[in-house]
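Accompanying notes for the structure given below.
Just so it is clear, none of the values below were taken in a lab; they were calculated from the coordinates. All values reported here derive from a predicted model rather than from experimental measurement. Cβ placement follows ideal geometry from the backbone for every residue including glycine, while neighbour counts extend to all protein chains displayed.
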Amino acid sequence: MKWVTRENAHVERVACPWLILRFIDNEAEFEFVSRHSDPSTLDGIPFDMPGVLLGHREGRCSFESILCEYNLTDNEALVMMGKIIHGADIPIDDDLAEESAGIRAIAFGYMFKYGLRDHEKLAAQMELYDALYMYCQERVKKHRNLNRVF
C-alpha cells in the first residue's frame, strides 16, 4: 500500500511509518507531500494530516489513532510507546511520559540534519524506534513481574 503524509517529517511522521512497516504493511511505500496538500485528493492512505482518520482525533495523536484503527491496542508495549510518542509530538499535555522529551529532541535533531530528505530521515531512524519498542517491551514485562501474585 502507499501511505501519504506531510513533508519535513519528525516525531509522528517517522514513528507512524515505523509502526506501519513493523505491524501493518511491511512493504509499505511512503510519500511525503506539501503541508498544503488536500488529503482527499491524494493517491494513498493519508496519516498525520489535518482531518484524516489516522490523524489527531479524540485526544489521540496519529500513532495512537493507528493503534486503534488497526486493532493494535492489545499490545501493551505499543500502547506505552504511543504515550511516549504522544508526549513527544504534543508536549503541552499534562500527562507526559518521562521519555517523551528525549524522543522529541532526537526527532528534531534528525529533522535538522536531514531537512526535506524524508526517506533518508525515515531510514536513519528505524533502529531508534526498534530500540524504543524493545525498551517498552521490557518495561511492560518488568511491570507484569512486579504485579505478579504468588
Task: Between segment 19-54 and segment 95-120, the Cα center-to-center distance that results, in Å - done: 19
- [ ] Extending each Cα 7 Å along its Cβ direction at ARG60 and ARG117, get the distance between those two points in nm, one decimal.
- [x] 3.4
TODO: Scan segment 16-68 for trypsin sites (Lys or Arg not before Pro) in coil per DSSP, keeping those whose Cβ has at most 14 other Cβ atoms within 10 Å, and list them by number.
DONE: ARG35
Task: Cα→Cβ-extended label distance, 7 Å offset, between THR73 and GLN137, nm - done: 2.4
Open item on the list: Taking every DSSP beta bridge with both residues inside the chain, roughly what % is antiparallel (nearest 5)?
Closed with: 10
TODO: Per DSSP H run of at least 4 residues, take -39500 (n - 2.57); add these up for the chain, divide by its residues and hand me the 222 nm value, nearest 500 deg cm²/dmol.
DONE: -17000 deg cm²/dmol
- [ ] Would you calculate the separation in nanometres between label points at ALA124 and ASP25, each defined as 7 Å from the Cα along the Cα-to-beta-carbon direction?
- [x] 2.5
Open item on the list: Rounded to the nearest 20 debye, what is the charge dipole size of segment 2-146 about its Cα centre when +1 sits on each Lys and Arg Cβ and -1 on each Asp and Glu Cβ?
Closed with: 300
